[in-house]
1. Is it the case, given these coordinates, that GLY244 is among the small types (Gly, Ala, Ser), crowded, with 17+ Cβ neighbours inside 10 Å, in contact (Cβ under 8 Å) with a residue 40 or more places away in the chain and over 30 Å from CYS172 (Cβ atoms)?
2. Have a look at GLY191, GLY200, GLY213 and point out the one that is within 16 Å of ligand 2 (Cβ to nearest atom) and at pLDDT below 85.
3. Quick one: in the stretch 167-188, of everything that is within 12 Å of ligand 2 (Cβ to nearest atom) and out of contact with any Cys (no Cβ under 6 Å at 6 or more places or on another chain), which residue is farthest from ARG256 (Cα to Cα)?
4. Of the conditions (1) touching a helix residue (DSSP H, G or I) at 6+ places or on another chain (Cβ under 7 Å); (2) of a type in the set (S, T, N, Q); (3) not in a loop (DSSP other than H, G, I, E, B), THR291 satisfies every one except a single condition; which number is it?
5. Identify, from the list THR291, THR295, THR246, the residue that is assigned by TED's automatic domain parsing to the domain that holds LEU148 and either at pLDDT 95 or above or polar (S, T, N, Q) (or both).
6. Quick check on my filter: what residues within the stretch 52-72 are of a type outside the set (Asp, Glu) and over 19 Å from PRO136 (Cα atoms)?
7. Answer yes or no as to whether ASP220 is among the charged types (D, E, K, R), within 16 Å of ligand 1 (Cβ to nearest atom) and either under 28 Å from VAL75 (Cβ atoms) or surrounded by fewer than 18 Cβ atoms within 10 Å (Cβ to Cβ) (or both).
8. When you scan the stretch 320-338, how many residues do you find that are in contact (Cβ under 8 Å) with a residue 24 or more places away in the chain and within 25 Å of GLY285 (Cα to Cα)?
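The values are calculated or read from the model by the stated rules, or taken from the named source; none is laboratory data. These numbers were taken from a predicted model, which means no experiment stands behind them. Don't worry about glycine lacking a Cβ; one is built from the backbone with ideal geometry, like all the others, and counts go over all protein chains shown.
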Amino acid sequence: MAPQREWLEKDYYAVLGVSDSADQKEITRAYRKLARANHPDANAGDPAAEERFKEISAAYDVVGDPERRKEYDEVRRLGPVGGMFGPGRGSGGFGPGGFTFTSDDGAGMGDLGDLLGGLFGRGRRSGGGPAPGTGPQRGADLETELHLSFADAAAGLTTALHLTSEATCSTCHGSGAAPGSSPVVCPRCAGRGVLDDNQGLFSFSSPCPQCGGRGMVVEDPCPTCRATGVERRPREVKVRIPPGVTDGSRIRLKGRGGPGRNGGPPGDLYVVCRVEPHELFGIEGRNLTITVPVTFAEAALGADIAVPTLEGGAVTVRIPPGTRSGRTFRVKGRGVATPKGTGDLLVTVEVAAPARLSAAERKAVEALAAAAEESPRAHLGVPT
Ligand SMILES: [Zn+2]
Ligand SMILES: [Zn+2]
């Protein structure tokens, strides 16, 4: 919704509980009191309070600023010209076609209104909906990559992202007007954002070409953003990476994306983690994994083997006699420490056949083969 439409529809004085003749001090006092009572910090998880807080803030944004308040009063004084906003007037959006269909004459709409009600749906006939494409628009969701070492991904960290993207203009704070000036009510559409083309009983409205449907025009454009209210600039965003993220994990930073237009909320920023693989360790949820080669003798006879840990140092894992290749041993508490608990280190042993044997080794292995009493493939039922 263009600000002016919102201004016409919303009584900011009523929202703040003051009269429209209240002075700035009174308005500020009323705002502070309401803001304190409805502040999200004091009303955790109460969506109604959050909504009220937003309304109060939006109202004070306008009537708390003497200049904007003057504009607001002016827009409301000029009022609902052309019947778009008056109560009881029928109007129906024509959907994405770009036109708003309005009745010029509420009184004459009875029969025809019934007829059209079936056509367009009665729900659409109340209130003056915004012309398509002119309302507040949520900012774009942005995505950026963050490259992490395996150890940082496992442990988690807080870091700063540096990105260049569209952001609310730092010179005009999004108004599009040069410092010291403000946008003024569009002279062509008187702040309505739409123009009417009267054709007898009906008027067809189309977005005002002079203000692009915003209802306001900038006479003295901001030199930084050329009146768009948005500039591309480098910015720094702090991000907390929780422990245990893996390659491809997406972290959402609410409201840190592109800036909204016409008073819309900003989009979100998604941080996609790119985690460098570790040469020894893997990660599965909270657990770290490692594969450790053991000799046939260690697997057959049992052994205590030293296994490295991610944080440095080693732990000893006891392999019982007769351990088969591929068996996994769990070392408690040596995985990823997350707020929900610490994972384990999963050690998988793999019986390694030496690529080369010394003469003494060959002799010993041949002796072992000769002494073997039973084939491990006996159960296959074929001659060995
Ligand atoms: Zn600017
Ligand atoms: Zn206009």
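1. Values: among the small types (Gly, Ala, Ser): yes; crowded, with 17+ Cβ neighbours inside 10 Å: yes; in contact (Cβ under 8 Å) with a residue 40 or more places away in the chain: yes; over 30 Å from CYS172 (Cβ atoms): yes.
Taking the combined requirement at face value, the residue satisfies it.
2. Numbers: GLY191 fails: at pLDDT below 85; GLY200 fails: within 16 Å of ligand 2 (Cβ to nearest atom).
Going through GLY191, GLY200, GLY213 in turn, the sole match is GLY213.
3. Just the residues of the stretch 167-188 that are within 12 Å of ligand 2 (Cβ to nearest atom), to begin with: 183-188.
Narrowing the set further to residues that are out of contact with any Cys (no Cβ under 6 Å at 6 or more places or on another chain) leaves 183-185, 187.
On the way: PRO183: 26, VAL184: 29, VAL185: 30, PRO187: 35 Å.
Taking the candidates together, the pick is PRO187.
4. (1)
5. Values: THR291 fails: assigned by TED's automatic domain parsing to the domain that holds LEU148; THR295 fails: assigned by TED's automatic domain parsing to the domain that holds LEU148.
Sole residue among the options that is assigned by TED's automatic domain parsing to the domain that holds LEU148 and either at pLDDT 95 or above or polar (S, T, N, Q) (or both): THR246.
6. Going through the stretch 52-72, the residues of a type outside the set (Asp, Glu) turn out to be 52-54, 56-60, 62-64, 66, 68-70, 72.
Passing the criteria: VAL63, GLY64, PRO66, ARG69, LYS70.
7. On the way: among the charged types (D, E, K, R): yes; within 16 Å of ligand 1 (Cβ to nearest atom): yes; either under 28 Å from VAL75 (Cβ atoms) or surrounded by fewer than 18 Cβ atoms within 10 Å (Cβ to Cβ) (or both): yes.
So ASP220 fits the description; yes.
8. Taking the stretch 320-338 first, the residues in contact (Cβ under 8 Å) with a residue 24 or more places away in the chain are 323-326, 331, 334-338.
Next, from what is left, pick out any that are within 25 Å of GLY285 (Cα to Cα): 325-326, 331, 334-338.
Total satisfying the criteria: 8.
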